[in-house]
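Here the structure comes first, spelled out in structure tokens, and everything after it is commentary.
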Amino acid sequence: MAELSRRGLLTGSWRSDAPAFRPPWSGDESHFLIECVRCDACLPVCETRVLKRGRGGYPEVDFSKGECTFCYSCADACPQQLFHARETSPWEHVLFITERCVARSGVECRSCQDACETQAITFRPTAQGISFPQLNRSACNACGGCIAGCPVSALTMRHADAN
């Protein structure tokens, strides 16, 4: 659970146990919290503006604003030796399509497929006539591009170790 403090009480951060999504290549959360000096150098260089100042003043990725293009600008702008080499995996996130998906209610919607550059989300017809989304995890790079366009917030990103 989040640390209960006066600031936490006023900001509401005590309500959320969900770990923040840090910039790509920033690595382990404990290392990040120790090494990040909260200078905000990474925020203005994010080409899609998905980085924001989050809890405790640390940068977080907000997938509701769009996708991460893995441009590495945040890492290049950081004055600390915080980020891993670009050749490594940017992060270990996994996308989930929840039961809130409108296709489960018989409504035709393909906004997630349209937003998915890697074509990791496809729709397969069923005997009932409605196509349901299928996620190809090996094709998904967890950029989050599909999340912002979903009209019912049926797509979520989770840390791979939270499954």
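The figures follow:
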| quantity | calculated |
| --- | --- |
| Unique match (being surrounded by fewer than 17 Cβ atoms within 10 Å (Cβ to Cβ), over 27 Å from Arg137 (Cα atoms) and modelled with pLDDT under 95) among Ala41, Ala2 | Ala2 |
| Residues within the range 98-131 that are part of a strand (DSSP E or B) and either modelled with pLDDT of 90 or more or within 23 Å of Cys68 (Cα to Cα) (or both), tallied | 3 |
| Residue match in the range 143-157 (condition: of a type in the set (Ser, Thr, Tyr) and in contact with a Ser or Thr (Cβ under 9 Å, 6 or more places away or on another chain)) | yes |
| Those residues of the range 122-139 which are under 25 Å from Glu60 (Cα atoms) and open to solvent by less than 40 Å² (accessible area, probe 1.4 Å), in sequence order | Ala139 |
| Residue within the range 89-96 that is out of contact with any His (no Cβ under 8 Å at 6 or more places or on another chain), on the phi < 0 side of the Ramachandran plot and of a type in the set (Val, Ile, Thr) present | no |
| Set Val107, Val94, Val61, Val102: member being among the aliphatic types (A, V, I, L, M) and in contact with a Phe, Trp or Tyr (Cβ under 7 Å, 6 or more places away or on another chain) | Val61 |
| Count - residues of the range 25-42 that are part of a loop (DSSP other than H, G, I, E, B) and among the hydrophobic types (A, V, I, L, M, F, W, C) | 6 |
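Yes/no matrix, rows are residues, columns are (1) in contact with a strand residue (DSSP E or B) (Cβ under 7 Å, 6 or more places away or on another chain); (2) β-branched (Val, Ile, Thr):
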residue	(1), (2)
Ser73	no, no
Ala77	no, no
Glu87	no, no
Cys101	yes, no
Thr118	no, yes
Ile121	yes, yes
Ser138	no, no
Gly144	yes, no
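The values are calculated or read from the model by the stated rules, or taken from the named source; none is laboratory data. In this text the structure is predicted, and so the values were computed from the model without any measurement. Cβ atoms come from the backbone with ideal geometry, glycine included; neighbour counts cover every protein chain shown. The protein model used for the area step is the full one, side chains on, heavy atoms only, and it has no ligands, DNA or RNA in it. Shrake-Rupley method; radii C 1.70, N 1.55, O 1.52, S 1.80 Å.
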